[in-house]
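K.L.:
Structure in structure tokens, see below.
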Amino acid sequence: MDNQTTQSKWYDKTWLVIVLCIFFFPVGLYALWKNQSISKGWKIGVTVVIALIVIGQLGKDKDGSSSSSSSASSSSEQAETKKSEPTGVGVGQVLKTDYFDITVNDVSLNDRVSTGNQFADLKPEQGNMYLIINASFKNTDSESRMLMDGSVWIEYNGKTYEFDKAETVMLEGWGLLLDQINPLTTKTTNLVYKIPAEIKGPAYWQPGRAKKSQRIFLGNLQ
């Protein structure tokens, strides 16, 4: 009588255990380990496989959540950037940052960079142009401060593109190379940014160490 009761237990039905492991694994795992006819090796193997599947699914969910969070953050940053665009700070006007008074004296867009020294010149490149910004930095702080290039932002085809790498020109008066200037002294130099020839639209320059809202309007690239 006892033997018949044992055999009649639902978890002793191997086919049912398999179905539960596939479609409802929490109950399936319980039945798997209660089943007397399935070997211990199979029990361990099936358990490991289910655990790996669960871990993999959790990883996907986490990645999806991170991606959504990143997209939302990116949208928020773009909205903030649009709201904080400067009005009235242009070429020839002074932008006051925490450490410097910065003035863009001149802006030009050329297919090459002519420095007066052929060994330092930047040659034409197919599909690219050079945006040259002549700027003056005055240190308004009470100690020496380091200068940094910053980023050029260009609105094109409904998007805003950031160009944060200035070209290296090995010649005095071109670039910053992490220069440091003393209080109340001024340095004037040319900054060169390589941009695609196809890009057109409003361009702004955000000097290094300036706030997001502290940009200088360079004009509309044609």
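K.L.:
Going by the structure shown, is GLY56 loosely packed, with under 15 Cβ neighbours inside 10 Å, assigned to a helix (DSSP H, G or I), modelled with pLDDT of 60 or more and not assigned by TED's automatic domain parsing to the domain that holds TYR161?
P.N.:
Taking the combined requirement at face value, the residue satisfies it.
K.L.:
Checking the structure you have, find out if any residue of segment 116-130 is of a type in the set (Phe, Trp, Tyr) and modelled with pLDDT of 95 or more.
P.N.:
yes
K.L.:
Taking the options PRO207, PRO183, PRO202, name whichever one is surrounded by 13 or more Cβ atoms within 10 Å (Cβ to Cβ), in contact with a Ser or Thr (Cβ under 6 Å, 6 or more places away or on another chain) and either closer than 15 Å to ARG145 by Cβ or at pLDDT 95 or above (or both).
P.N.:
Only one candidate qualifies: PRO183.
K.L.:
Within segment 130-204, considering only strands (runs of 3 or more DSSP E) that don't extend past its boundaries, which have at least 2 residues that are free of Cβ contacts under 8 Å to residues at least 60 places away in the same chain and more than 20 Å from the chain's Cα centre (by Cα)?
P.N.:
Of the strands (runs of 3 or more DSSP E) lying wholly inside segment 130-204, those with at least 2 residues that are free of Cβ contacts under 8 Å to residues at least 60 places away in the same chain and more than 20 Å from the chain's Cα centre (by Cα) span 186-196.
K.L.:
Still on this structure, I have one more. What tally of residues in segment 205-222 results from selecting those that are part of a loop (DSSP other than H, G, I, E, B) and not basic (Lys, Arg)?
P.N.:
Qualifying residue count, segment 205-222: 6.
K.L.:
Here's a follow-up. If you check every pair at least six apart or on different chains, which have Cβ atoms under 6 Å apart with a residue in segment 93-120 that is of a type in the set (Gly, Ala, Ser) first and a residue that is assigned to a strand (DSSP E or B) and surrounded by 13 or more Cβ atoms within 10 Å (Cβ to Cβ) second?
P.N.:
Filtered contacts from segment 93-120: SER108/ILE132.
K.L.:
Sort through TYR156, TYR193 and tell me the only one that's of a type in the set (Phe, Trp, Tyr), surrounded by 14 or more Cβ atoms within 10 Å (Cβ to Cβ) and more than 21 Å from ASP121 (Cβ to Cβ).
P.N.:
TYR156
K.L.:
Would you pick out the residues in segment 100-122 that are assigned to a loop (DSSP other than H, G, I, E, B) and either under 32 Å from the mean Cα position of the chain (by Cα) or of a type in the set (Gly, Ala, Ser) (or both)?
P.N.:
Of everything in segment 100-122, those that are assigned to a loop (DSSP other than H, G, I, E, B) and either under 32 Å from the mean Cα position of the chain (by Cα) or of a type in the set (Gly, Ala, Ser) (or both) turn out to be ASP111, ARG112, SER114, GLY116, ALA120, ASP121.
The values are calculated or read from the model by the stated rules, or taken from the named source; none is laboratory data. This structure is a prediction, so every number in the text was calculated from the model and none was measured. Glycine also receives a Cβ, built like all others from the backbone with ideal geometry; neighbour counts cover every protein chain displayed.
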